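Engineer: So that we are looking at the same thing, I have put the structure below in structure tokens.
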Amino acid sequence: MPVATEKQIIEVEQAANNVWHNYYKDIFSPEQISYMLEKYQSRKAMRKQLSEGYIYYMLLADDKLAGYMCMMIKTEYVYLARLYIKAEYRRQGLARRAIKYLDTIFSNPEFGSMNITKIRLKVERENGFAINVYEHLGFRKVRAQDTDIGGGFVCKEYIMERPIKGI
């Protein structure tokens, strides 16, 4: 379900706080988690991202918010900026369904004429669980990079890609 209302933005912000504090506690310091949430997943940040062309989706399971994803259409690929699932909904195929949804959208002839042939994402190099999930879904590491995100924090990431299925 696309995120379109202020109420939905607030719900995604709350889900982000839940997921990030729970999931990243062994990867980032509490200070870095708080900094990143404010910079990337606060209501203000999401409103700005939406105005810049990012598209957020709520991932639902049994009509409940189970997670969310965010993407942006680039010249030759779709950038999957966020894909987060609440702990109680992991290992139920939601990530696979989200990626399959992107395949369905971007294998559509309307988007095929835009030459979008792959999905690209960034994943923290210490995030072994997510890397394994993405590799299972057909993503491959393209390169490593270190990104200064401000506030004295650096993210050590892999860029991962996979082709759009159906092209």
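Engineer: Quick one: residue 110 ticks every box in (1) out of contact with any Gly (no Cβ under 9 Å at 6 or more places or on another chain); (2) assigned to a helix (DSSP H, G or I); (3) within 26 Å of residue 16 (Cα to Cα) bar one, so which box is it?
Structural biologist: (3)
Engineer: Being among the small types (Gly, Ala, Ser) and crowded, with 17+ Cβ neighbours inside 10 Å is the filter here; which residues of the range 82-106 pass it?
Structural biologist: Passing the criteria: 95, 98.
Engineer: Hey, residue 124 hits all of (1) touching a helix residue (DSSP H, G or I) at 6+ places or on another chain (Cβ under 8 Å); (2) crowded, with 16+ Cβ neighbours inside 10 Å; (3) among the acidic types (Asp, Glu) but one; which does it fall short on?
Structural biologist: (2)
Engineer: If residue 79 satisfies every condition in (1) aromatic (Phe, Trp, Tyr); (2) within 19 Å of residue 160 (Cα to Cα); (3) surrounded by 20 or more Cβ atoms within 10 Å (Cβ to Cβ) but one, which is the exception?
Structural biologist: (3)
Engineer: Condition (residue is more than 20 Å from residue 134 (Cβ to Cβ) and in contact (Cβ under 8 Å) with a residue 60 or more places away in the chain) applied to the range 38-54: is it met by at least one residue?
Structural biologist: Within the range 38-54 (the criterion being more than 20 Å from residue 134 (Cβ to Cβ) and in contact (Cβ under 8 Å) with a residue 60 or more places away in the chain), the answer is yes, since at least one residue qualifies.
Engineer: Taking the range 6-43 only, how many residues are among the acidic types (Asp, Glu) and within 17 Å of the chain's Cα centre (by Cα)?
Structural biologist: Qualifying residue count for the region: 3.
Engineer: Separate question: Identify all residues within the range 9-39 that are among the polar types (S, T, N, Q), farther than 18 Å from residue 66 by Cβ and assigned to a helix (DSSP H, G or I); write none if there are none.
Structural biologist: Selection gives 32, 34.
We did not get these values from a lab; they are worked out from the coordinates using the rules stated. In this text, all values refer to a predicted model and were calculated from it rather than measured experimentally. Counting neighbours? That spans all protein chains shown, and the Cβs are built from the backbone with ideal geometry, glycine included.
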